[in-house]
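Let me begin by presenting the structure, written as structure tokens, before commenting on it.
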Amino acid sequence: MGRSVFNEDRVRAVQSRIRVSFLIFFMLSLSALLGAVDFELVLSTPPPGEVVPGQIVTIAVLVTNNTHDDLDFAEELSLPPGWRNVFGVSAFQVGADSFEIRLLSFLVPSTPLAGEYDVRYEVKDQRGESAELNFTVRVAASMSLAIRLVEAPSYVTAGEEYSVVFSVANNGNVPAYLELGAIDNMSYTLRLSIQRLQLQPSASGEVKVTVKTSAFLTE
């Protein structure tokens, strides 16, 4: 009668391979579980980069639902003071294993200072879980000056001296440093009350021009 041969070393080797395989499978499963997220946000258009004052900026955000259940979301768009959300915010739903594109549109005011501003978009599901996107919007420098006549006589007599007052306004979003000058001719001479004018954005200043006319001027 034959006799079965029991190889104890071979059995130990097989058991060891089974334990190692199970451990690898468990670690991979745990990594996949820990790395998975229920939902995520991705910009589907490039960040806005540099914009000009008064511009409406529109970007698209991809909201992906990685679960096997429908998820209800509430959204929030946090903007710098004075900026306005064009579309507003609302609640929306993304189906199981699906996605939705959300359009964010906001108005940059006409008078912000040049520089970088932070914008944050956040969505939160019905369980209180949240995800957010943060990006920077750079407002480009804009120079704009306006000159307005404030005061001037209705008429003058030849040879007399009179004054004219002008207002200079900085309607841009960067400081303005102005060198002022006046050109005389044979009929009159001009003097300015100031030679330099420094104006911060949205500020204005007055300049008085004194005029000495010639006595030989005709009407």
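The values are calculated or read from the model by the stated rules, or taken from the named source; none is laboratory data. Computed from a predicted structure; not experimentally measured. We place every Cβ from the backbone using ideal geometry, glycine too, and count neighbours over all the protein chains shown. Only protein heavy atoms, including side chains, enter the accessible area calculation; ligands, DNA and RNA are left aside. Shrake-Rupley method; radii C 1.70, N 1.55, O 1.52, S 1.80 Å.
Within the bounds of the stretch 186-203, is there any residue that is among the small types (Gly, Ala, Ser), in a strand (DSSP E or B) and either under 27 Å from ILE56 (Cβ atoms) or open to solvent by less than 60 Å² (accessible area, probe 1.4 Å) (or both)? First the steps, then the outcome.
To start, the set of residues in the stretch 186-203 that are among the small types (Gly, Ala, Ser) comprises 187, 193, 202-203.
Okay, now just the ones that are also in a strand (DSSP E or B), so none.
So far as the stretch 186-203 goes, no, none of its residues is among the small types (Gly, Ala, Ser), in a strand (DSSP E or B) and either under 27 Å from ILE56 (Cβ atoms) or open to solvent by less than 60 Å² (accessible area, probe 1.4 Å) (or both).
Report, by residue number, each residue of the stretch 176-219 that is hydroxyl-bearing (Ser, Thr, Tyr) and within 30 Å of PRO112 (Cα to Cα). Please lay out each step first, then the result.
Within the stretch 176-219, the first condition is being hydroxyl-bearing (Ser, Thr, Tyr), and the residues that meet it are 177, 187-189, 193, 202, 204, 210, 213-214, 218.
Once the filter is applied, which keeps residues that are hydroxyl-bearing (Ser, Thr, Tyr) and within 30 Å of PRO112 (Cα to Cα), the stretch 176-219 yields TYR177, SER202, SER204.
Can you tell me how many residues within the stretch 167-193 are of a type in the set (A, V, I, L, M, F, W, C) and within 38 Å of the chain's Cα centre (by Cα)? Give the derivation first.
Filtering the stretch 167-193 for residues of a type in the set (A, V, I, L, M, F, W, C) gives 168-169, 174, 176, 178, 180, 182-183, 186, 190, 192.
Now restrict to residues that are within 38 Å of the chain's Cα centre (by Cα): 168-169, 174, 176, 178, 180.
Going through the stretch 167-193 one residue at a time, the tally reaches 6.
Can we say VAL174 is under 25 Å from VAL52 (Cα atoms), at pLDDT below 95 and in a loop (DSSP other than H, G, I, E, B)? Break it down stepwise before answering.
Details: under 25 Å from VAL52 (Cα atoms): yes; at pLDDT below 95: yes; in a loop (DSSP other than H, G, I, E, B): yes.
Answer is yes for this residue.
May I ask you to say which residue of SER163, SER154 is open to solvent by 40 Å² or more (accessible area, probe 1.4 Å), modelled with pLDDT of 90 or more and more than 45 Å from the chain's Cα centre (by Cα)? It would help to see each step written out before you state the result.
Values: SER154 fails: modelled with pLDDT of 90 or more.
Unique residue meeting the criteria: SER163.
Cβ-Cβ distance below 9 Å, separation of 6 or more or different chains: which pairs start in the stretch 178-196 with a residue that is in contact (Cβ under 8 Å) with a residue 12 or more places away in the chain and end on one that is open to solvent by less than 100 Å² (accessible area, probe 1.4 Å) and among the basic types (Lys, Arg)?
Correct list of pairs: TYR188/LYS212; THR189/LYS212; LEU190/LYS212; ARG191/LYS208; ARG191/LYS212; LEU192/LYS208; SER193/LYS208; ILE194/LYS208.
Take the conditions within 30 Å of PRO201 (Cβ to Cβ), open to solvent by less than 60 Å² (accessible area, probe 1.4 Å) and at pLDDT 95 or above and apply them to LEU79. Does it pass? Write out each step before concluding.
Working: within 30 Å of PRO201 (Cβ to Cβ): yes; open to solvent by less than 60 Å² (accessible area, probe 1.4 Å): yes; at pLDDT 95 or above: yes.
The answer is yes for LEU79.
Please go through the stretch 204-218 and pick out each residue that is in a loop (DSSP other than H, G, I, E, B) and either hydroxyl-bearing (Ser, Thr, Tyr) or closer than 18 Å to ILE147 by Cβ (or both). Working first, answer last.
Let us first name the residues in the stretch 204-218 that are in a loop (DSSP other than H, G, I, E, B), namely 214-218.
Correct list: SER214, THR218.
Return the only residue of PHE135, PHE106 being surrounded by 12 or more Cβ atoms within 10 Å (Cβ to Cβ) and at pLDDT 95 or above. Working first, answer last.
Working: PHE135 fails: at pLDDT 95 or above.
Among PHE135, PHE106, only PHE106 is surrounded by 12 or more Cβ atoms within 10 Å (Cβ to Cβ) and at pLDDT 95 or above.
Starting from residues that are within 30 Å of ASN65 (Cβ to Cβ) and among the acidic types (Asp, Glu), keep the ones in the stretch 109-127 and report whichever is least open to solvent (accessible area, probe 1.4 Å).
Only one residue tops the list, namely ASP125.
May I ask you to list the residues in the stretch 63-76 that are open to solvent by 50 Å² or more (accessible area, probe 1.4 Å) and either touching a residue at least 40 places away in the same chain (Cβ under 8 Å) or farther than 13 Å from ARG127 by Cα (or both)?
Across the stretch 63-76, the qualifying residues are ASN66, HIS68, ASP72, ALA74, GLU76.
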